[in-house]
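One structure below.
Read the figures in this text as sums done on the coordinates, not as results from a lab. Computed from a predicted structure; not experimentally measured. Methodologically, a virtual Cβ is constructed for each residue, glycine included, from the backbone with ideal geometry; neighbour enumeration extends over all protein chains shown.
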C-alpha cells in the first residue's frame, strides 16, 4: 500500500507544511519550513483530473468522451477547478 502524503492536520484541519526532506540514497537532510506545492493541496481526484487533462493534450472534448459525460459538464469541472486553484493561490 502506498502511503498518501497528508496535507491537512488531523487535529485542527489546518494546512500542514513540510519540515524535512531526506535523500534515500545518501541520507542528506534538508530542514526548514516549506509550503506544500499547490498541486499537492488539491484532492487526489482533482490531481487525477489534471493528469488526465494533460495526457489528453488539454482536449475537454476527448476527456468528456473518456468519462462519458457531456462537454458542458466537463467544462464546469474545469471552471470549478480553476476557481479552487485561484482561491488556494490567494491564500
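Expressed in nm to one decimal, what extension gain is obtained for the pair residue 82 and residue 65 from 0.36 nm per residue of sequence separation less their Cα-Cα distance? Before the final figure, lay out the partial values.
Working: separation 17, 0.36 × 17 = 6.12 nm, distance 2.10 nm.
Here the segment from residue 82 to residue 65 would lengthen by 4.0 nm.
How far is helix 71-90 tilted off the main Cα axis of the chain, in degrees rounded to 10, range 0 to 90?
The two axes meet at around 30 degrees.
Arranged by the count of other C-beta atoms within 10 angstrom, fewest first, what order do 51, 63, 1 take? Walk me through the numbers on the way to the answer.
On the way: 51 11, 63 20, 1 3.
Final ranking by Cβ density, sparse to dense: 1, 51, 63.
Using only Cα atoms, find the angle between the long axis of helix 44-55 and the longest principal axis of the chain, and express it within 0 to 90 degrees, rounded to the nearest 10.
Here the helix axis deviates by roughly 60 degrees.
Exposure proxy check: 20, 65, 3, 77 ranked by fewest other beta carbons within 10 Å? Write down the numbers at each step before the final one.
Working: 20 10, 65 13, 3 5, 77 18.
Least crowded to most crowded, the residues run 3, 20, 65, 77.
From the alpha carbon gyration tensor of the stretch 38-90, can you work out the equivalent ellipsoid semi-axes (sqrt of 5 times each eigenvalue) and give them in Å, largest to smallest? Mind dumping the intermediate values first?
On the way: eigenvalues 80, 29, 15 Å².
Each semi-axis is the square root of five times an eigenvalue, giving 20, 12, 9 Å.
Would you mind giving the average projected area, over all directions, of the Cα convex hull of the chain in nm² with one decimal?
Numbers: hull surface 34.5 nm².
Result: 8.6 nm².
How would you rank 39, 54, 49, going from fewest to most other Cβ atoms within 10 Å of each one's own Cβ?
Numbers: 39 12, 54 9, 49 18.
Result, fewest neighbours first: 54, 39, 49.
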